[in-house]
Amino acid sequence: EQRHRTGGMRYAFAFFPWGVLAPLNLAKLMLNKVSPTAHLWVPKETEQCQAACGIARMWATLFWSMQFVWAVAYLYVEVNREQVGLIYFGVATKLIVGALLLKAYMTGVILWPIGLGGALLEWMFAALFLMDLRSRKAAAKRHS
């Protein structure tokens, strides 16, 4: 049980990237302000485009809101271990967001810390979630 419980910390850790960034970015979007660190993450044109375009801000607001909801869902999975469906959806989300971050980097919309680092982090969590699901199945087979 302790080993299985320790393995669950991956869900608590998965909360932090989006659980911290999402509220900060939502506040920035609501205020329509440029982040003081924006130059580290996105080209100037990207930040200016978002500031000037209501529809871009709307989609960004939806994205950050959903990422925050997923971050909270990972905390829920940490506490409620039987929520396997959320884990499968989490894997799908991590794979898709990672691919979209990489695409955005490849097309010059975002810079490498998010485009490459973010994509790799998303895929790492997807792999950790899949490893947890696999170990759960193996444990269930051993106990049956």
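Quick note: the coordinates plus some simple rules give every number you see, no bench work behind them. These numbers were taken from a predicted model, which means no experiment stands behind them. When we count neighbours, we look across all protein chains shown, and the Cβ atoms used for this are built from the backbone with ideal geometry, even at glycine.
Side notes on the structure shown:
- Taking the C-alpha atoms of the chain, convex hull volume expressed per residue in Å³: 104
- HN-Hα J in Hz across the stretch 103-109 - Karplus 6.51, -1.76, 1.60, θ = phi - 60°, x for Gly and Pro: 4, 4, 5, 5, 9, x, 7
- Leading residue at positive end of dipole, the chain (Cβ point charges), from Gln50, Ala38, Leu100: Leu100
- The stretch 3-98, relative contact order in percent, only Cα pairs under 8 angstrom and at least six apart counted: 40
- Stretching His39 away from Arg142 to a fully extended chain increases their span by 31.9 nm, per 0.36 nm per residue minus the current alpha-carbon distance.
- Most fluctuating residue given options Val20, Val42, Val72, as computed from a GNM of the chain linking Cα atoms under 10 Å: Val20
- Each of Leu24 and Met9 was given a label point 7 Å from its Cα along the Cα-to-Cβ line. The distance between the two points is 2.3 nm.
- When the GluC sites (Glu not before Pro) in the stretch 1-90 are filtered for DSSP coil states and for at most 16 other beta-carbon atoms within 10 Å of their beta-carbon, the remaining sites are Glu1, Glu82.
- Across the stretch 80-95, computed HN-Hα scalar couplings (Karplus, 6.51 cos²θ - 1.76 cosθ + 1.60, θ = phi - 60°) run 10, 5, 7, 7, 5, x, 5, 5, 4, 5, x, 4, 4, 4, 4, 5 Hz from first to last residue, x flagging Gly and Pro.
- At an R0 of 35 angstrom, the distance between the Cβ atoms of Asn32 and Leu120 translates into a FRET efficiency of 0.70.
- Sites count as exposed loop sites when they are trypsin sites (Lys or Arg not before Pro), lie in a DSSP loop, and have at most 16 other Cβ atoms within 10 angstrom; the longest stretch of the chain without one is 82-144.
- All lysines inside 29 Å of Lys28 as judged from Cα atoms, apart from same-chain residues fewer than 8 positions distant: Lys44, Lys94, Lys103
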